[in-house]
Amino acid sequence: MKKWYTISGEVDKRGRGKNTKRVPRDLKLTPIVLAYWIAGDGCFNKVSKTLTLCTNNFTEEELEWLSKNLYKTFNINSKIVLRKKTSNSFLFEPMLFISRLEMNKVYELIQKLLFKSFWYKLGL
């Protein structure tokens, strides 16, 4: 857990340091890691048949690193998109987006690793 969270300088209402999520630089992307990531933070769009990874707590630098490593490790192209934080907000959060053209690569890598109850995360 210490690899994934750091205490920032911010303090909450109770005077405690706030945990900030980060991407460990020694993270090795494997099909199992990708399956867990999609099961936990993946959001499949049924209309566009695309996948968004809700990575809104990470920095854009960390997302660029993740995107490059998805390509380098699995030949999966992704891009960083900015999504509104809420429908009535002017705040945007960065997330990773995988197009419909790349989804077959994702299916082949992780479909057998996911319980069927998570197949909806892949649009199955």
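Using 1/(1 + (r/R0)^6) with R0 = 30 angstrom and r between the beta carbons of residue 83 and residue 22, what's the FRET efficiency to the nearest 0.05? Spell out each step's value before the answer.
Values: r = 20 Å, r/R0 = 0.67.
After rounding, the FRET efficiency stands at 0.90.
Among 56, 113, 91, whose Cα projects farthest towards the positive end of the dipole of segment 30-115, with charges put on the beta-carbon of Lys, Arg (+1) and Asp, Glu (-1)?
Most positive-ward Cα: 113.
Charges only on Cβ, +1 for Lys and Arg, -1 for Asp and Glu: so what's the dipole of segment 30-115 about the Cα centre, in debye to the nearest 20? Could you put the intermediate results ahead of the total?
Working: 11 positive and 8 negative charges, 76 e Å.
Dipole about the Cα centre, nearest 20: 360 debye.
Treating cross-link reach as a plain straight distance, find the aspartates and glutamates whose alpha-carbon is under 17 Å from the alpha-carbon of residue 79, omitting any fewer than eight places away in the same chain.
Answer for residue 79, where 17 Å is the Cα cut-off: 41, 60, 61, 62, 64, 93, 102, listed by chain and number.
For residue 76, what is the net charge nearby, where nearby means another residue's Cβ is under 10 Å from its Cβ and Lys, Arg count +1, Asp, Glu -1? All intermediate terms of the calculation are to be shown ahead of the outcome.
Details: positive: 72, 105; negative: 102.
So the surrounding residues net to +1.
Residue 30 to residue 91: FRET efficiency via 1/(1 + (r/R0)^6), r the Cβ-Cβ distance, R0 41 Å, to the nearest 0.05?
Numbers: r = 33 Å, r/R0 = 0.81.
Calculated transfer efficiency: 0.75.
What is segment 57-124 by shape, rounded, prolate or oblate, if you read a ≥ b ≥ c off the alpha carbon gyration tensor as root eigenvalues and call it rounded for a/c under 1.5, prolate for a/b larger than b/c, and oblate otherwise? List each step's numbers first, then the result.
Values: a/c = 2.43, a/b = 1.42, b/c = 1.72.
Oblate, because a/c is 1.5 or more while a/b does not exceed b/c.
Since every read-out is calculated from the coordinates, none of them should be taken as a lab result. Worth saying up front: this structure is predicted, and the values here are computed from it rather than measured. A quick note on method: Cβ atoms are made from the backbone with ideal geometry, for glycine too, and the neighbour counts reach across all protein chains shown.
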